[in-house]
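One structure is given here, and the rest of the page talks about it.
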Amino acid sequence: MPGSNPVLLPEDDYLRSLGYQPELLRKMGSFGNFAVSFSVISVLSGCMTLFGFGLTAGGPTVMMLGWVAVGLAVLLVGMSLAEVTSAYPTSGALFYMSRQLGGPRWGWVTGWLNLLGLLGGIAGIDYGAAGFIAAFAGLQWGVVPTPGLILGVFAGVLLLHALLNVVGVRAVSVLNSVSVWWHLAGVALIVGVLAVVPARHQTMGWVIGHFENGTGWSSPLYASAIGLLLGGYTFCGFDASAHMSEETADARVAAPRGIVRSIWVSLLVGFVLLGGLLFAVQDYDGTVAAAVPPAQIFLDALGAGGAKTLLLVVIGAQLFCGSAETTAASRMIYSFSRDGALPGSATWRRVSANGTPVPAVWLAVTVAFVLAVPSLWSATAYGAVTAVNVIGMTPSYVVPVFLKLRYPHKFTPGPWNLGRWSRPVGIAAVVWVAVLTVLVCLPQRAPVTVDSFNYAPLTLLAVLAMAWVWWKLAGDKFDVPVVADAHLAKIEAQIV
């Protein structure tokens, strides 16, 4: 929502005024910028992967009402983050904002949380896609989805996403634009088929009012709170629009709009998808017990042929999602290396002739693969590693917002701003993220055993410890590579 602002500079000159020499190519438009965040959120990935979790943690009533509540809360976070993005449209996004508003240590910690969250996101998304591909193979050819097979498929998916991302930002933008329509058409197809084909449907009262507690905890309030994580996990990754700022035309407006639009569109589309799936549930207990609950709904309602068709739609969406997450992570690696924050920064910050940080792309998928290797021996160990996605990303979103509230004199709004609503929306965003962080760290199953233990708090402590150790070793190298003084002075004169 535009407000009164200082005179705008051409994007590249404004980037130089922030300290960076433009290296990436601005070939992404406003729709492409929105598409990358919408693709990362991916309701056809998050809602499908976590559908079984929602069935046991509050059931349909918490899934539907909780989705709306969480979506609206996340929209506040997105609006606050969008406002800061308009002022600081860089590939580094969150860590650069935090450093400008709070100092180097704030930027360092925010950067490590965000980076490891993005890398964990690639692992989680693409491994989930591999699981759905294995489920499809089981239906089509009777293949048994062993951990080794899923890891092999996962490696192939990572390779595909790396190759797609090194082609160039124009191809990435087109791919994400296609992803938007794939998601919208896919949800329409799934909901439409499930509304027409099955002979029996659940009632509206059941979809909105049926409560189920399969968590093992006796408190329905606790189970409902845990159930909010379906939305909390899914509404993640909208910072991708900020990470693509240096490749987006009119980034100071397009990137903030991309963040906000990706959230509210996902809110609406996800609500329709969850409702369509719940109305079509034929056997609740059988669906909960299934390895892939949405696939069981498809089987019960449509038979094997229809189930396989809809599974392909979901798999396609998950592949789009993983590709977009790889794009965002590679830009974060590039920008963090540009500021000297990673081991081997000179390598990871290199940009190819087509304007793509190719080494950063390969590093992103390589680390994601390493994160998934423990899945060969223990699903619990793998869950502990990929928990860094949410536990890293969630706090990093709100650190710049918190610092803007704490040091208002350091912040100059960009052309997209909240005006007089900036402070109340920012406070609400910080409160919600604090609540969500606590929910992510709570035990989700009772009794608590080695297999059911929630490793997210330990993951958070490990990330913070890693960031602290590397700060002691190399924090003095963490700095904005300010452009030549003469050029910068000319730009600053334009601002004045």
- Only one of 78, 66 is in contact with a Leu (Cβ under 6 Å, 6 or more places away or on another chain), assigned to a helix (DSSP H, G or I), within 30 Å of residue 221 (Cα to Cα) and modelled with pLDDT of 95 or more; which? 66
- Message: Of the conditions (1) β-branched (Val, Ile, Thr); (2) over 22 Å from residue 396 (Cα atoms); (3) surrounded by 14 or more Cβ atoms within 10 Å (Cβ to Cβ), residue 449 satisfies every one except a single condition; which number is it?
- Response: (3)
- Item | Test: residue 38 is among the hydrophobic types (A, V, I, L, M, F, W, C), surrounded by 18 or more Cβ atoms within 10 Å (Cβ to Cβ), modelled with pLDDT of 90 or more and farther than 28 Å from residue 426 by Cα | no
- Message: Criterion first (assigned to a helix (DSSP H, G or I), at pLDDT below 95 and under 15 Å from residue 328 (Cβ atoms)) does residue 125 satisfy it?
- Response: yes
- Message: What's the total number of residues in the range 418-444 that are part of a loop (DSSP other than H, G, I, E, B), surrounded by fewer than 21 Cβ atoms within 10 Å (Cβ to Cβ) and not hydrophobic (A, V, I, L, M, F, W, C)?
- Response: 1
- Message: Condition check: on the phi < 0 side of the Ramachandran plot, in contact with a Pro (Cβ under 9 Å, 6 or more places away or on another chain) and among the β-branched types (Val, Ile, Thr). Does residue 292 satisfy that?
- Response: no
- Please work out which residue is nearest to residue 201 (Cα to Cα), limiting yourself to the range 290-326 and to residues that are hydroxyl-bearing (Ser, Thr, Tyr) and in contact (Cβ under 8 Å) with a residue 12 or more places away in the chain. 323
- Those residues that are under 18 Å from residue 117 (Cβ atoms), aliphatic (A, V, I, L, M), at pLDDT below 95 and in contact with a helix residue (DSSP H, G or I) (Cβ under 7 Å, 6 or more places away or on another chain), I need them from the range 369-423; list them, please. 371, 372, 384, 385, 387, 388, 390, 391, 393, 398
- Message: I'd like to check something: does the range 207-229 contain any residue that is closer than 30 Å to residue 335 by Cβ and in a helix (DSSP H, G or I)?
- Response: yes
- In the range 343-368, the residues that are touching a residue at least 40 places away in the same chain (Cβ under 8 Å), crowded, with 24+ Cβ neighbours inside 10 Å and not hydroxyl-bearing (Ser, Thr, Tyr): 357, 361, 364, 365, 368
- Would you please name the residue that is nearest to residue 144 (Cα to Cα), looking only at residues in the range 100-110 that are crowded, with 24+ Cβ neighbours inside 10 Å and touching a Ser or Thr at 6+ places or on another chain (Cβ under 8 Å)? 110
- For residue 96, indicate whether it is buried (at least 21 other Cβ atoms within 10 Å of the Cβ), more than 22 Å from residue 270 (Cα to Cα), among the aromatic types (Phe, Trp, Tyr) and under 23 Å from the mean Cα position of the chain (by Cα). yes
- Residues that are over 14 Å from residue 402 (Cα atoms) and outside any loop (DSSP other than H, G, I, E, B), drawn from the range 86-95: 86, 87
- Quick one: in the range 230-250, which of the residues that are assigned to a loop (DSSP other than H, G, I, E, B) and among the hydrophobic types (A, V, I, L, M, F, W, C) is surrounded by the fewest Cβ atoms within 10 Å (Cβ to Cβ)? 249
- Looking only at the range 474-489, and only at residues there that are at pLDDT below 85 and surrounded by 13 or more Cβ atoms within 10 Å (Cβ to Cβ), the one that is farthest from the chain's Cα centre (by Cα): 487
- Message: Kindly evaluate residue 445 against the criterion of being over 27 Å from residue 91 (Cβ atoms), at pLDDT 95 or above and of a type in the set (Lys, Arg).
- Response: no
- All but one of (1) under 26 Å from residue 80 (Cα atoms); (2) modelled with pLDDT under 80 hold for residue 428, so report the exception by its number. (2)
- Item | Conditions (1) without any contact (Cβ under 8 Å) to a residue 60 or more places away in the chain; (2) over 26 Å from the mean Cα position of the chain (by Cα); number of the one not met by residue 287 | (1)
- Message: So residue 404 ticks every box in (1) surrounded by fewer than 24 Cβ atoms within 10 Å (Cβ to Cβ); (2) not in a loop (DSSP other than H, G, I, E, B) but one. Which box is left unticked?
- Response: (1)
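The values are calculated or read from the model by the stated rules, or taken from the named source; none is laboratory data. Not measured: the values here are computed from a predicted model. Reconstructed Cβ throughout: ideal geometry from the backbone, glycine too, with neighbour counts over all protein chains shown.
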